[in-house]
Amino acid sequence: MSTSPQFTSAESVPDSNGLIHTLSAAELQALGEQCLDAKTRAYCPYSLFRVGASLLLTPRLSPPPNPSAPTYPATHILTGANIENAAYPVGTCAERVALGTAVHLGYRLGAFKAVGVATDIDEFCSPCGMCRQFLREFLGLDVPVFMFNKEGRFIVRTMGELLPLSFGPDVLPPREVLRVAKEEGEGAGGAVEG
């Protein structure tokens, strides 16, 4: 069983819609290898379902904006693996572990070029609904999500395809509008409704 992504051309990837061309061959190889490797560090004693995730950072934002964070090469990948808990709903998915690390280091919307997700099954496994919404907060709708099976083969979809008609930070009114509305509501002796 190979631990490297297996592909020969864009045409060999089912329904890629040309999305693999958004990454160089080296970036795609690294994204796949890193998420396949990340799943080896999963803590999943209950489901035994290992998941690894990788986030490819955009070169223009490396090193991270947080000056106390470690510095990285121009193309850097952060990873995560799923972490289960005996109290089942308390576990955390691999995608949220990786993204939580990235946010902690100071990365925000625009910092991510691609996402990789890997499992131990033959099928291609996409992020769960909660992870899709969590990713949506920090990823543009055009960011590709590569889903690798146990052999390293993959399919790819954009965030917009995985979470159509999504709700994100761009849907909310600007902070200034909310601040003014709050002040006007408080000035009238009541809270803002709705």
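Using the count of nearby Cβ atoms within 10 Å as a rough guide to exposure, how do Glu84, Glu123 rank from fewest to most? Numbers along the way, then the final one.
Working: Glu84 18, Glu123 10.
Least to most surrounded, the residues fall as Glu123, Glu84.
Which order, highest average first, do 30-38, 47-55 follow once you tally other Cβ atoms within 10 Å for each residue and take the mean per peptide? Write down the numbers at each step before the final one.
Details: 30-38: 23.0, 47-55: 21.3.
Highest to lowest by the protection proxy: 30-38, 47-55.
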Expressed in nanometres to one decimal, the distance between label points 7 Å along Cα→Cβ at Val171 and Thr58 is 2.3
Ser24 and Val90 label points (each 7 Å along its Cα→Cβ direction) are spaced in nm at 4.4
Once both label points are put 7 Å beyond Cα along the C-beta direction, the Glu161-Gln133 separation in nm becomes 2.4
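Read-outs throughout are calculated quantities, based only on the coordinates presented, and are distinct from any laboratory measurement. All values reported here derive from a predicted model rather than from experimental measurement. No Cβ is skipped: glycine too gets one built from the backbone with ideal geometry, and neighbour counts run over all protein chains shown.
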